[in-house]
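Notes follow the structure.
The values are calculated or read from the model by the stated rules, or taken from the named source; none is laboratory data. No experiment lies behind these values; they were computed from the predicted model shown. All Cβ positions, glycine included, derive from the backbone under ideal geometry; neighbour counts span all protein chains shown.
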Amino acid sequence: MEDFKMTGREFLELDTPQHGLYLERFQRMELIQKIFNELPKADQNLCNHGSYFLAANASLCGLAGNNFFRNILHIRRAAILSAVPMAVIPFISTAAVYEVCVREPLFSGQLNCEVCAVVRGGLVGAVVGGLYPIFLAIPLNGSLAARYSSSPLPGKENLLRFWLGIAQPVFRKMSLGILVQVLTGLYLATKHHGIYVKILQQMSSSRDPEELQG
């Protein structure tokens, strides 16, 4: 009986400022989603699938970086085995990180700063969509070179210097791809924020008649 009273008291105490803030945020997210569903299909498709373009470019960066490392290390075997993870992992990682860092905070009302959204988009494009696939190719091709003895590998004392020398020409060749990823991330974040502003404008215009009637 005492447990039941405690449960009822806790239920009554849900009407707190924090609970009210949570409900307000939830209602705002519902309204944003409702207005989003009424937007033109072009805007909806850009928001729902735009990050896949950035992710596809990340896969291309991964495949290109993998190919450069294979040529430098003279790896002629396991081409498909090395290509599959270099295409799949950057794609999934880029799409997921962009969703968590840019799109979800933006359309949940937690990210209202245009500059912050654009900077996040550029960073996701540069770091996750451009640099990460190249770094991912290093241990993969290092293990293949050691397994098939395609190229002599140094000892632990010279390992860092060896991979720096191997990676520098690859990063130079991939600089254009990284730049494309930065610009793509900036573009997507700018467009997504523009659509978010459009939603906010519709929210304010739909609220004004209610305030005038009140």
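Quick rundown of the values:
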item	result
Neighbours by Cβ (under 9 Å, 6+ apart or cross-chain): first from region 78-92, at positive phi; second in a helix (DSSP H, G or I)	78/144; 78/147; 78/148
When residues of region 56-89 are limited to those that are under 19 Å from residue 125 (Cβ atoms) and of a type in the set (Val, Ile, Thr), the one surrounded by the fewest Cβ atoms within 10 Å (Cβ to Cβ)	88
Qualifying residue in region 89-102 (condition: within 14 Å of residue 59 (Cβ to Cβ), modelled with pLDDT of 95 or more, out of contact with any Ser or Thr (no Cβ under 6 Å at 6 or more places or on another chain) and aromatic (Phe, Trp, Tyr))	no
Helices (runs of 4 or more DSSP H) wholly inside region 102-153 containing at least 1 residues that are out of contact with any Lys or Arg (no Cβ under 7 Å at 6 or more places or on another chain) and under 14 Å from residue 66 (Cβ atoms)	132-148
Every residue from region 125-179 that is exposed (fewer than 12 other Cβ atoms within 10 Å of the Cβ), of a type outside the set (Ser, Thr, Tyr) and within 22 Å of residue 85 (Cβ to Cβ)	139, 147
Region 33-55 residues that are surrounded by 13 or more Cβ atoms within 10 Å (Cβ to Cβ), paired with ones that are modelled with pLDDT of 90 or more and among the small types (Gly, Ala, Ser) (beta carbon under 7 Å, 6 or more apart)	51/95; 52/95; 54/125; 54/129; 54/185; 55/95
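Matching residues to (1) over 25 Å from residue 55 (Cα atoms); (2) polar (S, T, N, Q):
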| position | (1), (2) |
| --- | --- |
| 136 | no, no |
| 143 | yes, yes |
| 148 | yes, no |
| 166 | yes, no |
